[in-house]
Amino acid sequence: MKLVASFILLIFSFQLKAQTFETAFIIEKADSILKASVDERLYQFYTYDSDSYYEYVKKNGKTSWETLNKKGQTKGKFVNTNVRFDFKHPEHCWITGYTGIKLNANLELADSLNTNFLPEFLINSEPSNFISEEEALKIAKPILEQNGINQVNCQLTFDLKTQVYIWAIEDLVFENYSDFVNINAVTGEITEQGQLLRSKVY
């Protein structure tokens, strides 16, 4: 009887160990997937995001989340993880985004890698084909002039809705609303325009 109990305890201990991982190993696994999936020229501009997290099951059966650390082991029964790598290019600081490596309980890739924020010219190692801020403002000027140009803010950003880079131009008309014009950063086409209501700050 004692032998059976010891065997069951041994099996349980083995399963418990199999459900936890060294966090450094998880990060290393995700990093190797990223390296194999993107061009080496682009891979060098990725850095591990310490806010990456994993999901696990606690002893009471409830799930919880914890951030990954390069030292130590995961808690409870490992469920999945999303290891984030931030992208930062020294010459194109306006390229903002990250690629998440989603792994399942067996540390297998569970979803495709998001690299949509990387411009085509950068992927193809070509010069930037984006229109300048001056060109974007010139395109937006006739629209903004309708209510008088006041305080203009122009920012190059990746539009998650259309999945393209745009010049997001906003002009503060009154305290509680502003006019805006979104322009495709490659074609110069106006993709959206209108007014934004602002919440008053007291």
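Points to keep in mind about this one:
- Subset tally (residues that are assigned to a loop (DSSP other than H, G, I, E, B) and surrounded by 13 or more Cβ atoms within 10 Å (Cβ to Cβ)) for segment 87-109: 9
- Options PHE117, PHE130: the member that is under 25 Å from the mean Cα position of the chain (by Cα) and under 30 Å from ASN80 (Cβ atoms): PHE117
- Of the residues screened, GLU135 is one that is over 18 Å from the mean Cα position of the chain (by Cα), more than 30 Å from ILE26 (Cβ to Cβ) and either surrounded by fewer than 16 Cβ atoms within 10 Å (Cβ to Cβ) or of a type in the set (S, T, N, Q) (or both).
- Filter pass, VAL79 being farther than 30 Å from GLN155 by Cα, modelled with pLDDT of 95 or more, open to solvent by less than 90 Å² (accessible area, probe 1.4 Å) and over 15 Å from the mean Cα position of the chain (by Cα): yes
- Pair list, Cβ under 6 Å, 6 or more apart: segment 149-167 residue open to solvent by less than 80 Å² (accessible area, probe 1.4 Å) and at pLDDT 90 or above, other residue among the small types (Gly, Ala, Ser) and not in a strand (DSSP E or B): TYR165/ALA185; ILE166/ALA185; TRP167/ALA136; TRP167/ALA185
- Any hit, segment 41-54, residues being at pLDDT 95 or above, open to solvent by less than 40 Å² (accessible area, probe 1.4 Å) and charged (D, E, K, R): yes
- Among the residues of segment 168-202, those identified as at pLDDT 80 or above, closer than 19 Å to LEU144 by Cβ and not in a strand (DSSP E or B) are ALA185, GLY188, GLU189.
The values are calculated or read from the model by the stated rules, or taken from the named source; none is laboratory data. Bear in mind that the values here come from a model prediction, so they are computed numbers and not experimental data. Because the Cβ atoms are built from the backbone with ideal geometry, glycine has one as well, and the counts that use them run over all protein chains shown. Ligands, DNA and RNA are excluded from the accessible area calculation, which covers all protein heavy atoms including side chains. Shrake-Rupley method; radii C 1.70, N 1.55, O 1.52, S 1.80 Å.
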